[in-house]
1. Local charge sum around Thr125 (other residues, Cβ-Cβ under 15 Å, Lys/Arg +1, Asp/Glu -1)?
2. Just add up the charged neighbours of Met1: K/R +1, D/E -1, any other residue whose Cβ is under 11 Å from the Cβ of Met1.
3. Any idea how far apart Asp226 and Glu66 come out in nm if each label point goes 7 Å out from Cα toward Cβ?
4. Once the other residues with Cβ under 13 Å from the Cβ of Glu59 are scored (Lys, Arg +1; Asp, Glu -1), what is the net sum?
5. 7 Å from Cα along Cα→Cβ at both Ser35 and Met92: what's the point-to-point distance in nm?
6. What does the charge dipole of the chain about its Cα centre add up to, to the nearest 20 debye, if the Cβ of each Lys and Arg holds +1 and the Cβ of each Asp and Glu holds -1?
7. Ignoring ligands and nucleic acids, what accessible area does Asp91 show with a 1.4 Å probe (Å², nearest 10)?
8. Once amide H atoms are placed 1.01 Å from N in the peptide plane, what residues at a sequence separation of 5 or more from Gly9, or on another chain, have their amide H within under 5 Å of its amide H?
Amino acid sequence: MKTIGLIGGMSWESTAEYYRILNERTRDRLGGLHSARCVIYSVDFAEIEQLQVQGRWEEAGAVLAEAALSLEAAGADLLLICTNTMHKVADMVGAAVSVPLLHLADATADAVRASGLRRVGLLGTAFTMEQDFYRGRLERSGLDVRVPDAGGRALVHRVIYEELCLGVVRDDSRAAYQEVIKDLVARGAEGVILGCTEIELLIGPQDSPVPIFPTARLHAEAAVTDALAGVVHCGDERPKWAAAP
């Protein structure tokens, strides 16, 4: 089993979801008491958020590159940046290490294409929805990406930073997101990418009239597939004291 390195803390709310999903999927695949081999480098999100707001992306990238080097030194065989927005500096982070970086947008695009859909709405931070580093990568993979109007983008961005990253989940914000999703569907979206790892704390399949693509889950599941490539399940590994069924 390969060791998965997580660059997390942006926010820790979604990094905790990554950790849970990695371990659940590993147990599902291997059974028994198996769990994921992983190491986590959790940054201080307040520092990263200030660099984002000030447009100091190279400095933010240097912080994440240092984290990546630490994870590689700790034995990580592959790396995940556990946030969509910070994939703006993914090339810088990937260039700092010799182990592969599994790009979140690629894992997401693979899942959308596998579903047979092409036209998708994208929800995320303003950086993710409006800049080319993420949206453009999805489009270059063959997807037709639509984003909310200016008012919708501002609402989605505000809820992420002022609520979800602080662990606040509000019913009125869920209702507001549902209206944004309905507008995207009315404009032709066949599915909706939850392009911020915190949005999965607010929106589930029951909240959308079209399929949703939860990026944190898709990213984590793709990492497990990579980490377990070639690993053979060895059967029932219950503790010897476990009662027979």
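The values are calculated or read from the model by the stated rules, or taken from the named source; none is laboratory data. Computed from a prediction, not measured in an experiment: that's the story for all the values here. Reconstructed Cβ throughout: ideal geometry from the backbone, glycine too, with neighbour counts over all protein chains shown. The protein model used for the area step is the full one, side chains on, heavy atoms only, and it has no ligands, DNA or RNA in it. Shrake-Rupley method; radii C 1.70, N 1.55, O 1.52, S 1.80 Å.
1. On the way: positive: Lys88, Arg135, Arg153, Arg158; negative: Glu13, Glu49, Glu130, Asp132, Glu162, Glu163, Glu198, Glu200.
Charge balance in the 15 Å sphere: -4.
2. Values: positive: Lys2, Arg29, Arg37; negative: Asp77, Asp226.
So the environment of Met1 carries a net charge of +1.
3. Calculated label separation equals 2.4 nm.
4. -2
5. 3.4 nm
6. In total the dipole reaches around 660 debye.
7. Its heavy atoms expose roughly 130 Å² to the probe.
8. For Gly9, whose amide H was placed from the backbone, the distant partners under 5 Å are Thr15, Val43.
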